[in-house]
Amino acid sequence: MARAVSGLGRFGSYAREGHFLYIFAAPFARILRGEFNENSVLRGDGAVQTLTQEFRAMANRLYSPTHDPADQQWVDKTPDLAQVRAVPVINKLWPSSRFIFLYRPAEDAVRSSVAVWRQRVEGNEGQAAERWVQCQRAWRAARPDLGDRYVEVYQPHMLTRPEAVAQSMAGVLGLADAEIDSLARTWREDTQVNRPKGERAQAYDAVTLSEET
């Protein structure tokens, strides 16, 4: 999804997952609520606004292909629970941001976790399944504050219904007809979506989840 959107050319390039913003989500949430010590430097006039502006500029430099602190046209694809829980703070820091919530069946998510992180996950499949549940809950809690700036995409439909998925994103991203066609074409030509590669792909196919999971 991230590479396809990036390939349209006007949303910035995508190189790798950020795994960055969620680290600051909890402290920023407290700061934005004014929950800091009475002696904190943040009590100064305009201090919170200055900190927020500087943090946005730093993130823009990291994500932007031009490394321009004012460039907010960038694409981040960071999966899993921590990032979804960070959505409310990201929404406040970048109030014009757009969100694409890409989800898949719980069984596929757990099988992928086992295949990619076998030593960490094998034997703890129930915990991986619970993380999937918590991810859905966190998203449902966050989306009411996003207005019309989000779209939900069921991942298997990228392969089975590429035109419909591309069309569903048109309003949120302001896509032209040519861009809708480009996205659909990308997914029509892609036979695998978010699937482990190489030996991990073999492990993905071999994973059998227990009834308890």
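The values are calculated or read from the model by the stated rules, or taken from the named source; none is laboratory data. It should be emphasised that the depicted structure is a prediction, and the values quoted were computed from it without experimental measurement. Glycine gets a Cβ as well: all are built from the backbone with ideal geometry, and neighbour counts include every protein chain shown. Note: areas computed on protein heavy atoms with side chains; ligands, DNA, RNA excluded. Shrake-Rupley method; radii C 1.70, N 1.55, O 1.52, S 1.80 Å.
Residue under question is Arg140, and the condition is that it be surrounded by 13 or more Cβ atoms within 10 Å (Cβ to Cβ), under 21 Å from Ile90 (Cα atoms) and of a type outside the set (A, V, I, L, M); does it hold?
Judged against the criteria, Arg140 is not a match.
Tally up the residues in the range 27-50 that are in contact (Cβ under 8 Å) with a residue 24 or more places away in the chain and closer than 14 Å to Ala82 by Cβ, please.
2
Open to solvent by 50 Å² or more (accessible area, probe 1.4 Å), of a type in the set (Phe, Trp, Tyr) and not in a loop (DSSP other than H, G, I, E, B): is that true of Trp132 in this structure?
Yes: the conditions hold for Trp132.
Please verify whether Gly147 is on the phi > 0 side of the Ramachandran plot and of a type outside the set (S, T, N, Q), treating the condition exactly as stated.
When the stated conditions are applied, Gly147 passes them.
If Lys77 satisfies all but one of (1) in contact with an Asp or Glu (Cβ under 7 Å, 6 or more places away or on another chain); (2) closer than 19 Å to Ala201 by Cα; (3) open to solvent by 40 Å² or more (accessible area, probe 1.4 Å), what's the number of the condition it fails?
Status for Lys77: all satisfied but (2).
A quick yes/no check of all residues on (1) modelled with pLDDT of 95 or more; (2) open to solvent by 30 Å² or more (accessible area, probe 1.4 Å):
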{"position": "Gly9", "(1), (2)": "no, yes"}
{"position": "Ala15", "(1), (2)": "no, yes"}
{"position": "Leu21", "(1), (2)": "yes, no"}
{"position": "Ala26", "(1), (2)": "yes, yes"}
{"position": "Asn37", "(1), (2)": "no, yes"}
{"position": "Thr50", "(1), (2)": "yes, yes"}
{"position": "Gln72", "(1), (2)": "no, yes"}
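I'm trying to understand the selection: among the residues of the range 54-70, which are assigned to a helix (DSSP H, G or I), without any contact (Cβ under 8 Å) to a residue 24 or more places away in the chain and surrounded by fewer than 16 Cβ atoms within 10 Å (Cβ to Cβ)?
Matches in the range 54-70: Glu54, Ala57, Met58, Arg61.
Please state which one of Glu163, Glu179, Glu107 is of a type in the set (Asp, Glu) and either touching a strand residue (DSSP E or B) at 6+ places or on another chain (Cβ under 8 Å) or modelled with pLDDT under 95 (or both).
Result: Glu107 is the single residue among Glu163, Glu179, Glu107 that is of a type in the set (Asp, Glu) and either touching a strand residue (DSSP E or B) at 6+ places or on another chain (Cβ under 8 Å) or modelled with pLDDT under 95 (or both).
May I ask you to list the residues in the range 80-116 that are part of a loop (DSSP other than H, G, I, E, B) and open to solvent by 60 Å² or more (accessible area, probe 1.4 Å)?
Asp80, Pro95, Ser96, Arg98
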